[in-house]
Amino acid sequence: MLDLTSNYAGIALRNPIVVGSSGLTNSAQKIEKLVAAGAGAVVLKSLFEEQIDALSKSMTSESDYPEAADYISGYVKANEINKYLDFVRDVKKRVNVPVIASINCYKAGDWTNYAKQIAETGVDALEVNIMRLEGKVSADATHLVNDYVAIIKGITGAVKIPVQVKLAKTFSCLPAMVDKLRLVGAAGVTLFNRSYQMDIDIENERISGGEVFTTAVDLSDTLRYTGLIAGQIANFPVSASTGIHTSEGVIKALLAGASSVQMCSALYKNGAQYIQEVLAGLTAWMERKQYNAVHEFRGKLKADQGADATQYTRMQFMKYFTSHE
């Protein structure tokens, strides 16, 4: 029997397939179906800082008594947190695979305390999704990096469970950023988060929402940075996310050095049972290649392996398309 064991943030998984944080993981019933279908782990639907802040502000703005604002704000935040804690505990009771909580934050502050409460539920790990886009010309990239590091340092100092950081691909020096997070206690990174996709409606001349789901075409950057980080930061787990739609995508990410892969859009489109098809494709490939375990080929093509590694940082592409007119 083939050995598919993998890991997320140092936690052992029965296979590399992790269901990413999404509407697929917002209820215990859905999660039970995903686990029954073969998922190696699940990342719960995120607790959103901005959503809690917005709800708190809307409630306090309706009060005629300014002195009550702090009380109302504290009550709203505590209520939202408690609902999430109850959800985490319920899921942990129902499934026998690692359960990873998720918080989506954009500034340091209350999240250190929230993370501590989440850790006390017995959850296996915490994925911190820092969602920020600096659109001002006055923004300082150094300050942005320091803010990320401060958030993670505060959280890792408050909890004993592994803390994984989910990042956007908008950093110009992403491997250096990842190493800074490692130094303050991060147990791994997830590459990448999926932000709101905007579009422009030219008929009505307005801003509109773009495509919600990823496609397999989105895999390239995930592979590039997975390979770069796996090749330069030894024994630091990378969970590849964005563009993983088939068993072929899973295999590519593992060859690049991913310790696990996260699937979301493909499961929305194909259902929970699609996990079985992906795992079957992975095992068929391993049998054909005569691999007995995932660890035998994981990282085989990461960025420190021979001449092929230069393709991870190659920016000039025209030489590959000289036959195209």
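The values are calculated or read from the model by the stated rules, or taken from the named source; none is laboratory data. A quick note: this is a predicted structure, and the numbers were derived from the prediction, not measured. SASA here: full protein model, heavy atoms, side chains in, ligands and nucleic acids out. Shrake-Rupley method; radii C 1.70, N 1.55, O 1.52, S 1.80 Å.
Some values worked out for this structure:
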item: Exposure rank, largest accessible area first [His245, His143; 1.4 Å]; result: His143, His245
item: Segment 87-193, relative contact order in percent, only Cα pairs under 8 angstrom and at least six apart counted; result: 27
item: Per residue solvent-accessible surface (Å²) - segment 167-216, probe of 1.4 Å; result: 60
item: Interatomic Cα distance distribution for segment 75-231, bins of 10 angstrom, percent; result: 9, 33, 33, 20, 5, 0
item: Globularity index of segment 146-247, i.e. its alpha-carbon radius of gyration over 2.2 N^0.38 Å; result: 1.27
